[in-house]
Amino acid sequence: MKTFFRNIHLYLSLASGLVIALVSLTGGLLVFEKELTQAWHSERYFVAPPAASSPRLPLSQLTAAVQTAKPGASITGLKVYADPTRTVEFSLAGAPEGGKEAAAGAPHPVENKAAEAAANGKAGKADGKKIEKGGGRGPTLFVNPYTAAVTGELNYRDTFFYTVMALHRGMVGGDIGKLIVGVSTVMFLFIIGTGLVLWWPASRKALRQRLNVKWDGSWKRLNHDLHVVLGFYAALLLFVFAFTGLAWSFEWFNKGIYAVTNSSMERPEPPVSAVPLALAAPEVSAAAAGLSPDAALARARQLAPQSVFYSLQLPKDSTASFKLATLRADATTDNMTDEVYLDQYSGEVVGAQTYEQRNLGQRVRGLFKPVHTGAIWGWPGKVVSLVACLLGFTFPITGTIMWLNRLKKNRKKTAKQLVA
């Protein structure tokens, strides 16, 4: 029976080993994407706040600075942090330098690429094709909230981590590459399962050998233990990472999540604003007569005073509403946001949904990314995830060496039998 599982383990590994190694390595790099990006470009994200008596400038003044820096660009949303050392982030559309990448209402490309889409039940499309094709994503500008100075600009497609993400999801090869990664991931699940069967010891003495690496053994024994022993310790995490990773490869997998949880993938249409009769004439500017972003932010702070950040999506037309996403201080992941919709003219709440009010499918799907990266367990989880990913990169290598050694041993055995 073990011969049967060994053959499955071997042939699936030979077919998918290179892809698994690449996905594991790039996955390890992406675990600390947010922290590394903020460390490398701290001037974008952080400022030294002045004296406590110096208030933050109004959003209207920050908006003017953005429009001066990017003439002709349209501001689709902004993100304000409660942390006094953080800059204000402006999402743009239609900027001259990013015309093809402009998008309306896109979340911050580094910190929350998938969170909102995943929570909205549109994870497959938003996490896959949007990044692959640029998704119409425009640049993000960072503004000092005390001086209105533009501290940096981010075009996600131009970053190192975009390339890493493209390799990780197979999007360098388009839909074919994405399919190859998905099929290889399914194979990896079977590889892990058959590997555990092969690992299972026949005796207590063998159990001790399967749980400890013989560091002072021969290089063949060491290679064997690095594959078998460390493979056992990493198996559960790698299985979880591979399983959750299927959500970015196959739309049927996403649909299955909602089917199993008996939830709807579709979200209700956002509530609309009641356009006053006095503004119904097309020559009247609704933006000039409606609620200002400053007033919308003040309303958000009134509704959720203890939030970590306030993400404000501006109305796209005269009937749309302000969309406010706020993150509570006790939230364990960045996508556990509460949403409020404000009438863009009266400022009244026309719709609201807390994280707990999302359907089960949305909440389960929203957990896939933080579980996939280990972020749901904080820094310790990310460190463990990084180690597991690096081990996942080594297993195809150590496994191939074991296979070549076995072939060499079998050839020698055959040669001796022929001589005899």
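Worth a mention:
- Taking 7 Å steps out from each Cα toward its Cβ at Leu404 and Ala329 produces label points 5.7 nm apart.
- Under the span-like rule (Cα at least 24 Å along the axis, Kyte-Doolittle mean at least 0.0), DSSP H helices of the chain: 2-31, 174-199, 219-245, 378-419
- Fraction of accessible area attributable to carbon and sulfur, the chain (%, probe 1.4 Å): 64
- Summary of the geometry: segment 189-218 and segment 299-368, compared by the centres of their Cα atoms, lie 49 Å apart.
- Paired Rg and Dmax values of segment 4-92, which use every Cα atom, in angstrom: 22.9, 73
- Chain lengthening between Ala149 and Leu207 when straightened (0.36 nm per residue, less Cα-Cα): 14.6 nm
- Spin-label model distance (nm) - Leu196 vs Glu266, 7 Å beyond Cα toward Cβ: 3.9
- Maximal additional length on extending the Trp252-His41 stretch stands at 72.2 nm, based on 0.36 nm per residue less the C-alpha distance.
- Each helix, a run of at least 4 DSSP H residues, gives -39500 (n - 2.57); summed and divided by the residues of the chain, these come to -16000 deg cm²/dmol at 222 nm.
- Length-normalised contact order for the chain - Cα pairs under 8 Å, 6+ apart - percent: 21
- In a simple Cβ point-charge model (Lys, Arg +1; Asp, Glu -1; nothing else charged), segment 198-268 has a dipole of about 500 debye relative to its Cα centre.
- Förster-model FRET efficiency, 56 Å R0, Gln67 and Leu14, C-beta, rounded to 0.05: 0.50
- Accessible area, probe 1.4 Å, largest first, for residues Trp248, Trp215, Trp403: Trp215, Trp403, Trp248
- Given Lys214/Lys413; Lys382/Lys409; Lys178/Lys382; Lys220/Lys369; Lys70/Lys382; Lys316/Lys369, the pairs whose alpha carbons are separated by over 30 Å: Lys382/Lys409; Lys220/Lys369; Lys70/Lys382
- Projecting the Cα atoms of Pro50, Leu62, Ser24 onto the charge dipole of segment 1-67 (Cβ charges, centred on the Cα centre) puts Ser24 farthest toward the positive pole.
The values are calculated or read from the model by the stated rules, or taken from the named source; none is laboratory data. Values in this document were obtained by computation on a predicted structure and should not be read as measured data. Cβ coordinates were reconstructed from backbone atoms using ideal geometry, including for glycine residues, and neighbour counts include every protein chain displayed. Keep in mind that these areas ignore ligands, DNA and RNA; they rest on the heavy atoms of the full protein, side chains included. Shrake-Rupley method; radii C 1.70, N 1.55, O 1.52, S 1.80 Å.
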